[in-house]
Structures are given as structure tokens and as C-alpha cells.
Amino acid sequence: MLARLLTRAIDAQAVWTRPWGDLVHRFLFWLFQKLPGVRDLLIGRWLGHPLHPVLTDVPIGVLFLVIVFDVLGNVGAATVALAFGILAMVGAAAAGLADYADTDGKARERATLHGTLMVVTLLLYLVSLAIRLASGSVASSGAIALSIVAFLLLSAAAYVGGDVVYVLGNMVSRHAWRGAGMRWIELVPAELEPNGTIPEGRPVKAKLGINQLVLVRQGERILALHDTCAHAGGPLSEGPLVEGTIECPWHASRYELEHGHVVRGPSVYDQPAYDVRPRQGGGWEARRQPA
């Protein structure tokens with residue numbers, strides 16, 4: 001019951017989160033397209049895991065200590081914790097903005113609400129810090145009240161951010177529950193040359209049981225990846241080939257054709273790769289490579 005009420009309240013904000021989010025998204029998408037190295041650092045491609053959720057635990061924990069120190073009457077410790085918490089918020093926000101630059105649809109609407117709440121929270125904490133610094137060693141009731149209100153707002157923002165991941169699956173690997181069986185299965189390309197071979201030098205879609213693959217023939221070799229991009233589900237078979245990689249047409253993630261390793265974000269996950277061999281009696285068969 002409570003979850004449904006909260007969801008309705010969140011969705012009701014779409015009247016402003018949609019247009020505002022589209023505007024902010026256009027700018028951030030343009031910015032991070034110009035800075036692919038910075039984007040890959042902030043999204044966590046080097047880590048193999050989204051960086052934003054790793055960083056968000058730090059400010060939440062530190063800023064909770066501000067309340068604890070205020071209750072204990074340790075004004076100095078509360079001020080230091082607040083300063084560190086603000087710096088941690090800025091770091092987490094930078095990673096979150098990099099994720100946001102490649103977030104679409106309803107996930108973007110909720111991420112816009114999440115980000116707006118976090119900005120308001122940050123401003124409240126900055127005011128609280130300014131009051132504390134001006135007050136010196138004397139605890140200010142106004143500063144303490146602002147910290148408590150800011151933490152409640154921080155908790156609400158974290159709830160919305162959790163929805164973006166846990167309800168809408170943003171930045172979740174599209175292959176998290178996909179099996180990795182070692183059985184060879186008949187491979188059926190969507191198109192063939194007149195002589196019965198797979199077209200060379202361009203992506204070709206193929207069916208492997210219940211899975212859709214993208215094939216790239218290089219001479220006698222046939223390289224194969226799962227067609228669904230691990231980042232947001234884009235069809236790799238519709239993307240271009242770039243220097244031994246295939247690029248997702250939706251958000252431009254790139255994967256090695258050989259083993260599916262991600263070489264450019266916004267994806268932080270490798271793509272399932274498949275071995276392909278000729279089948280007795282004609283045609284081909286494939287199986288997923290071990291992780």
C-alpha cells in the first residue's frame with residue numbers, strides 16, 4: 001500500500017521532471033561525448049561495476065554521523081564530518097551525472113527527481129556548514145535542524161535513486177540471469193550470400209535457440225556476440241564495426257568481437273561471446289564461451 005502511494009507521488013512529478021530532465025540530459029550527453037575518457041572513469045568501466053552506487057554509501061554514512069555527533073554535543077566532530085560528507089556528495093554526484101548522460105525514458109524521469117532532491121539536500125548542508133563555521137565552538141540549533149531536514153531529504157532521494165536501479169533496471173547488466181551452458185546449438189543466420197555463406201565484414205543477426213546473436217565473418221572465422229547490449233538492451237546487429245569492435249547504436253558502447261570485452265562505455269559489463277563452428281550436414285552451431 002505504502003509503495004503504491006509513493007510510486008504515484010513520484011510519477012506525478014513527471015510534469016516537470018520530463019522536460020527538465022530532457023534539457024539537462026541533452027547538455028550532459030553532449031558533454032560526456034566530448035570527454036569519453038572522463039565518462040569511462042566516472043561510470044566505472046575500469047572497475048567492471050557502476051561507480052555511482054559504490055560512492056553513495058560514503059556520504060550517507062558520514063552525514064548520519066553528523067546527527068550522531070550533534071546529539072553527543074561534539075560540535076567540532078559534527079562540523080568535520082559535515083565537510084567530508086559534502087565532498088563525498090560531490091564525488092558521488094559526478095559519477096551519477098555520467099550515468100545520467102545515457103539514461104532514457106522513465107528511468108531518466110526518476111533520476112531527474114533523484115538528482116534534484118540531492119541538489120537541494122547539498123544546498124541545505126552547505127548552509128548548515130556555513131552557520132557552523134560562523135558559530136565556532138557553539139552548537140547552533142539552526143544548523144542542527146538544517147542537518148536533520150537535509151538527512152531526511154537525502155533519504156527520500158536515495159529511495160528514488162533505488163527505484164531507478166531496482167525497479168527500472170538502469171545500469172543493470174542485461175545478461176545477469178542468462179545461462180552459460182556448454183551445449184552446441186544450431187545457429188541460424190538471418191541472411192546468407194547466394195553461395196550459402198554468411199556475409200563478410202558486416203554485422204549479421206542470427207538465432208541460437210531462444211537467443212539472438214550478432215555475427216561478423218572475417219574470412220573463415222565467424223565471431224559472435226549476444227545481440228542485446230549489456231548496458232541498456234540495444235541491438236548490436238544494427239551498430240557499426242569500429243577497429244575490431246562492434247558499437248551499440250543506442251549509446252555507443254563498444255565490445256571486442258573476439259571475447260566481448262567492453263572497451264568503451266557507457267556499458268561497464270562485458271558482452272556474452274560465443275564460439276561458432278561448422279555443423280555436420282551443413283550450416284553452423286555455436287555455444288557460449290566460458291566467462
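The values are calculated or read from the model by the stated rules, or taken from the named source; none is laboratory data. Quick caveat: nothing in here was measured; it's all calculated off a predicted structure. Because the Cβ atoms are built from the backbone with ideal geometry, glycine has one as well, and the counts that use them run over all protein chains shown.
Descriptive notes on the structure:
- Which listed residue is farther than 20 Å from Gly169 by Cα, modelled with pLDDT of 95 or more and among the small types (Gly, Ala, Ser), from Ala95, Ala83, Ala134, Ala111: Ala83
- Close Cβ contacts (under 6 Å, 6 or more residues apart or on different chains) running from residues in segment 218-244 that are closer than 16 Å to Pro266 by Cα and in contact (Cβ under 8 Å) with a residue 40 or more places away in the chain to residues that are of a type in the set (Lys, Arg) and surrounded by fewer than 21 Cβ atoms within 10 Å (Cβ to Cβ) comprise Thr228/Arg174; Ala230/Arg174; Gly233/Arg174.
- Residue-level analysis places Asp275 outside the set of residues that are of a type in the set (D, E, K, R) and assigned to a loop (DSSP other than H, G, I, E, B).
- Residue among Leu123, Leu154 that alone is in a helix (DSSP H, G or I) and closer than 27 Å to Val172 by Cα: Leu154
- The single condition from (1) at pLDDT 95 or above; (2) buried (at least 22 other Cβ atoms within 10 Å of the Cβ) that Asp270 fails is (2).
- Per-region count, segment 65-89, residues out of contact with any helix residue (DSSP H, G or I) (no Cβ under 7 Å at 6 or more places or on another chain) and either of a type in the set (S, T, N, Q) or closer than 18 Å to Leu123 by Cα (or both): 3
- Residues being part of a helix (DSSP H, G or I) and either on the phi > 0 side of the Ramachandran plot or surrounded by 18 or more Cβ atoms within 10 Å (Cβ to Cβ) (or both) - total across segment 132-143: 2
This table checks each residue for (1) of a type outside the set (Phe, Trp, Tyr); (2) modelled with pLDDT of 95 or more.
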{"residue": "Leu152", "(1), (2)": "yes, yes"}
{"residue": "Gly161", "(1), (2)": "yes, yes"}
{"residue": "Val167", "(1), (2)": "yes, no"}
{"residue": "Arg174", "(1), (2)": "yes, no"}
{"residue": "Trp184", "(1), (2)": "no, no"}
{"residue": "Glu220", "(1), (2)": "yes, no"}
{"residue": "Leu223", "(1), (2)": "yes, yes"}
{"residue": "Cys229", "(1), (2)": "yes, yes"}
{"residue": "Pro235", "(1), (2)": "yes, yes"}
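- Among residues of segment 263-274 that are closer than 13 Å to His49 by Cβ, those with a beta-carbon under 9 Å from a residue that is assigned to a strand (DSSP E or B) and at pLDDT 95 or above at least six positions away or on a different chain give the pairs Gly265/Arg254; Ser267/Arg254; Ser267/Tyr255; Val268/Val262; Tyr269/Val262; Asp270/Tyr255; Asp270/Glu256; Asp270/Val262.
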